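Peer 1: Mind having a look at this structure? Questions to follow.
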Ligand code: SER
């Protein structure tokens, strides 16, 4: 069957790469990039682009009407750190954006919807090591609260209306093509840029703050693998735990020093993102994803670091 795919929030860190991957799989004209700003990456000329604010239900409806998408990826969101600066906007965008899309997907008979959740759904009372799929969840950022509520809505639309919604709880995503979007894990991208530019970096997270992370190539592949999996294999309709590689700033710096031996890492104290990081898991148990749709990450710390530095040097 020929697919028509909408990517809402196409210009962000994930959208920039997902649109490219989907266009090479389904054809440029079948993947419509949508954002509130025009993109500056290769998405610009490669296929259709529409200005869309997911909170504007009328415009969104016109886009559904125009393209009758078989698949929709909703990536527009405010992340953990920026969300704390504007909690009401974060709630409005993350929640009402999702509800608008779920309703229109039902109305226009969209076959599959993808919506990302995050490790931010976990909180201070969640187990920190190999955090299980099902456990105490007490998120304390508005981003985490909106992702947790959104997960419940996704499952609700699946159970009540049979809408095929699929979701992943992303860890911190490391990439070089587009800038990160205002998260707590962004240090792990800034560090590469500064290592190459200045040979030093001041991390806003402490030396031993361990967090679950993943290289973008793995994240994009995993996302498409989940969307391609037969519906009968999908046992989780809230959102799947999704594991890649876990590291601290000091471990990442040591890996960078294998390429840039003079690299110096220092630390900025009292950054509000430290409290957010302290409330999140250190590592993730993703055995449901591994069992249901055969998830397996390919990038370890060494391969990720090598690839980041190589590509940033070129770009
Ligand atoms: N990378 C995200 C953040 O830090 C986690 O979902 O907000």
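The values are calculated or read from the model by the stated rules, or taken from the named source; none is laboratory data. Values in this document were obtained by computation on a predicted structure and should not be read as measured data. Glycine gets a Cβ as well: all are built from the backbone with ideal geometry, and neighbour counts include every protein chain shown.
Peer 1: How many residues are outside any helix (DSSP H, G or I) and within 11 Å of residue 244 (Cα to Cα) when one looks only at segment 194-221? It would help to see each step written out before you state the result.
Peer 2: In the first step, residues of segment 194-221 are kept if they are outside any helix (DSSP H, G or I); the result is 198-215.
Pick out the ones that are also within 11 Å of residue 244 (Cα to Cα) and you get 211-215.
Looking only at that region, the number is 5.
Peer 1: Inside segment 189-222, can you point out the residues that are more than 13 Å from the chain's Cα centre (by Cα) and within 15 Å of the ligand (Cβ to nearest atom)?
Peer 2: Quick first cut of segment 189-222, residues more than 13 Å from the chain's Cα centre (by Cα) only: 189-211.
Within segment 189-222, 189, 190, 191, 203, 204, 205, 209, 210, 211 meet the criteria.
Peer 1: Could we say that residue 123 is crowded, with 20+ Cβ neighbours inside 10 Å and modelled with pLDDT of 95 or more here?
Peer 2: On the way: crowded, with 20+ Cβ neighbours inside 10 Å: no; modelled with pLDDT of 95 or more: yes.
No.
Peer 1: Could you tell me how many of the residues in segment 148-170 are away from the ligand (no atom under 16 Å from the Cβ) and part of a loop (DSSP other than H, G, I, E, B)?
Peer 2: Going through segment 148-170 one residue at a time, the tally reaches 2.
Peer 1: With the checklist (1) in contact with a strand residue (DSSP E or B) (Cβ under 9 Å, 6 or more places away or on another chain); (2) assigned to a loop (DSSP other than H, G, I, E, B) in hand, flag the one item residue 19 doesn't pass.
Peer 2: The number of the failed condition is (2).
Peer 1: Which residue pairs have Cβ atoms under 6 Å apart, sit 6 or more places apart or on different chains, and have a first residue in segment 259-287 that is farther than 15 Å from residue 121 by Cβ and a second that is at pLDDT 95 or above and part of a helix (DSSP H, G or I)?
Peer 2: Going by the 6 Å Cβ cut-off, the qualifying pairs are 259/309; 260/195; 263/195; 263/256; 263/257; 265/253; 273/81.
Peer 1: Can you tell me which residue in segment 190-205 is surrounded by the fewest Cβ atoms within 10 Å (Cβ to Cβ), limited to those that are touching a residue at least 24 places away in the same chain (Cβ under 8 Å) and under 20 Å from residue 79 (Cβ atoms)?
Peer 2: Among them, the one singled out is 193.
Peer 1: Let me ask you something else. For residue 46, indicate whether it is buried (at least 16 other Cβ atoms within 10 Å of the Cβ) and modelled with pLDDT under 95.
Peer 2: The answer is yes for residue 46.
Peer 1: Going by the conditions given, is residue 226 touching a residue at least 60 places away in the same chain (Cβ under 8 Å), surrounded by 19 or more Cβ atoms within 10 Å (Cβ to Cβ) and within 16 Å of the ligand (Cβ to nearest atom)? Steps first, answer last, please.
Peer 2: Working: touching a residue at least 60 places away in the same chain (Cβ under 8 Å): yes; surrounded by 19 or more Cβ atoms within 10 Å (Cβ to Cβ): yes; within 16 Å of the ligand (Cβ to nearest atom): no.
Criteria not met by residue 226.
Peer 1: I need the full set of residues from segment 160-177 which are touching a residue at least 24 places away in the same chain (Cβ under 8 Å) and surrounded by fewer than 19 Cβ atoms within 10 Å (Cβ to Cβ), in order please. Break it down into steps so the answer makes sense when it comes.
Peer 2: First pass over segment 160-177, keeping only residues touching a residue at least 24 places away in the same chain (Cβ under 8 Å): 161, 163-177.
161, 164, 177 - these are the residues of segment 160-177 that are touching a residue at least 24 places away in the same chain (Cβ under 8 Å) and surrounded by fewer than 19 Cβ atoms within 10 Å (Cβ to Cβ).
Peer 1: Could you identify the single residue in 191, 256, 224 that is modelled with pLDDT of 95 or more, touching a helix residue (DSSP H, G or I) at 6+ places or on another chain (Cβ under 8 Å), within 25 Å of residue 85 (Cα to Cα) and in a helix (DSSP H, G or I)?
Peer 2: Values: 256 fails: within 25 Å of residue 85 (Cα to Cα); 224 fails: within 25 Å of residue 85 (Cα to Cα).
After ruling out the rest, the residue left standing is 191.
Peer 1: Further question: Within segment 22-136, considering only strands (runs of 3 or more DSSP E) that don't extend past its boundaries, which have at least 2 residues that are free of Cβ contacts under 8 Å to residues at least 12 places away in the same chain, more than 21 Å from residue 165 (Cβ to Cβ) and within 16 Å of the ligand (Cβ to nearest atom)? Let's see the steps before the verdict.
Peer 2: Numbers: elements: 31-35, 49-51, 71-74, 112-114.
Of the strands (runs of 3 or more DSSP E) lying wholly inside segment 22-136, none has at least 2 residues that are free of Cβ contacts under 8 Å to residues at least 12 places away in the same chain, more than 21 Å from residue 165 (Cβ to Cβ) and within 16 Å of the ligand (Cβ to nearest atom).
Peer 1: So which residues in segment 171-188 are near the ligand (Cβ under 10 Å from one of its atoms) and part of a loop (DSSP other than H, G, I, E, B)? Walk me through how you get there before you give the answer.
Peer 2: Kept after step one, since they are near the ligand (Cβ under 10 Å from one of its atoms), are these residues of segment 171-188: 171-174, 180-188.
Hits for segment 171-188 are 171, 180, 181, 182, 183, 184, 185, 186.
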